[in-house]
Amino acid sequence: MKRTNLIFNISFIFGSVYLFFVTYTFPTRFGVEDSGPALFPRFALIALVVLLVLDSIMILKNNSDKPIFDQNEKKKLKSLVLFNIIIFLFIFLLGKVNFIFLSIVCLFILCKILKINWKSSIITSSVLSLFIYFVFVEGLNIIL
């Protein structure tokens, strides 16, 4: 486990350093080097590298061989994977299926994954989907 975490951290450090240098290729206004669109990604990548280095140090200091997931976390892992699949499907189907129908169905399934009762799930998914639709379409004039 310790070696796996270190390999994961090192690969993310290399990826972050690569992406940091890619930010220097972002276009700027009229060739003027100012903060531009690359400022926030650079700060985020620097913070990520610092946290990965700190995590690697903590892994090297800690000599315990704890399992990846304890029993309680193993039970919740299935829900987490299903939750992520539903979010991915929502994003993938967003332009292909009617927004209101898609968001009501996805929110209802997410509510059921979170073990919310039927009545609250139906009300929450319907009201929230319709509210978001009308705010964006009617209020902000953004087509969903």
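With a bin width of 5 angstrom, please list the P(r) values of the chain as percents of all Cα-Cα pairs, from the 0 bin to the one holding the largest distance. The distribution over the chain is 2, 8, 11, 10, 10, 12, 13, 15, 12, 6, 2, 0, given as percents. The convex hull around the C-alpha trace of the stretch 2-61, projected and averaged over every direction, spans 4.0 square nanometres. Counting only trypsin sites (Lys or Arg not before Pro) that DSSP places in a loop and that have at most 14 other Cβ atoms within 10 Å, the longest clean stretch of the chain runs over 1-95.
Measuring against 22 Å, Cα to Cα, the residue pairs LYS75/LYS112; LYS78/LYS112; LYS74/LYS119; LYS74/LYS115; LYS76/LYS112 contain LYS74/LYS119 as the ones spanning a longer distance. Rg ratio for the stretch 71-139: its Cα radius of gyration over 2.2 N^0.38 Å, N being its residue count, equals 1.23. Label-to-label distance for ALA47 and LYS112 is 3.7 nm, based on points extended 7 Å past Cα in the beta-carbon direction.
Taken together, the values in this text are just the output of simple stated rules run on the coordinates, not laboratory data. Note that the structure is a prediction, hence the values are computed from the model and not measured. As a convention, Cβ positions derive from the backbone with ideal geometry for all residues, glycine included, and neighbour counts pool all protein chains shown.
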